[in-house]
Amino acid sequence: MTTPPGYEPVPGGYSSQWGYQAQPPTFWLDPGPSLPRRSWQRRSRRPVIALSVVGAVLLAVLAVLALSVGVIRGLSFDADGQVAVDCETRTATVAGGGRIAAGDEVTIFAATGARLGSAKLVDLGSGPGARDCVLGFTVSDVDVVDGGYVVALGKVYSQTVTEDALRSGVVLRPV
């Protein structure tokens, strides 16, 4: 081992030309008595544990409740829609001679053919200066399915629609 210039080895370290002697670093404390435990830790340990357990149980209950509500609400929805009709006659004429009027049944089918719900058309009227008059329907608790939906107006008209269209209020124009 080479000695740096201006330093000469001495027992326990190096001595410089200015008389400085470096000691090896110490990374631990000298042994001594154990420190006393803080009294607030002894007094608050059980309440902190109890409050933590209660908080964890409450969070778990809220999580289960949120999941169950989400699952229940996600399995069905209310389908809304309107049918544009002539303002004078309050009916819509379908190609082939069929007519759609207030009181006709609206049935929603899954694309696979399963019947999901039905309702009657009701006259929603029109506002002043409106170009279209409409008949409306709301079918409650329509099951969520894959592949789309078919909305049938009586036995004279049907149209394929999406779930988003039914949720937001589809407008059917049978002409």
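What is the list of residues in segment 67-82 whose amide nitrogen lies under 16 Å from a point 7 angstrom out from the Cα of Asp143, following Cα to Cβ?
Label zone hits: 72-79.
Once you put a point 7 Å from the Cα of Leu124 and another 7 Å from the Cα of Val57, both along the Cβ direction, what distance in nm separates them?
Rounded to a tenth, the inter-label distance reads 5.0 nm.
Read-outs: derived from the displayed coordinates by stated rules, not from any lab. No experiment lies behind these values; they were computed from the predicted model shown. Don't worry about glycine lacking a Cβ; one is built from the backbone with ideal geometry, like all the others, and counts go over all protein chains shown.
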